[in-house]
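Below: the structure, in structure tokens.
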Amino acid sequence: MAERRGVRLSVIMPVHNAMPFLPDAIASIISQTYRAFRLLIVDDGSTDDSKDYLKTLSDARVSVISSPKRCGQGSARNLALAQCDTEYTAFMDADDVSLPNRLARQVQFLDEHPT
């Protein structure tokens, strides 16, 4: 479905109690030079302000999946993977920041090195 809209990449971000790092992490993905992606954020039972912050996101490329209780980073990633319908998938941690051309460079590399 996403590929029909020109989206080739899903970025998966599990989140558990990630404030105050979360705004910078999400901003670093939203501001990527490569724009044809969707960001799947899994709130893994956060008990801090992460859940409230995620509700404020309005970028159409962002989808938030909520887990009512903590299931762990691996299970949170699998929950998002089950909703991926794109050619490529990338992972992002909620306390990391990506350089602006990260996704562009990764997609270019994958395009140039098909398996």
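Condition check: in a loop (DSSP other than H, G, I, E, B) and farther than 25 Å from THR115 by Cα. Does PRO20 satisfy that? Criteria met by PRO20. Here is a check on your reading of the model: is SER66 crowded, with 18+ Cβ neighbours inside 10 Å, polar (S, T, N, Q) and touching a residue at least 12 places away in the same chain (Cβ under 8 Å)? No, not satisfied. Scanning region 69-79 for residues that are open to solvent by 90 Å² or more (accessible area, probe 1.4 Å) and either more than 8 Å from ASP44 (Cα to Cα) or out of contact with any strand residue (DSSP E or B) (no Cβ under 8 Å at 6 or more places or on another chain) (or both) returns LYS69, ASN78.
The values are calculated or read from the model by the stated rules, or taken from the named source; none is laboratory data. Values in this document were obtained by computation on a predicted structure and should not be read as measured data. Cβ atoms come from the backbone with ideal geometry, glycine included; neighbour counts cover every protein chain shown. Just so you know, the surface numbers come from the protein's heavy atoms only, side chains and all, with ligands and any DNA or RNA stripped out. Shrake-Rupley method; radii C 1.70, N 1.55, O 1.52, S 1.80 Å.
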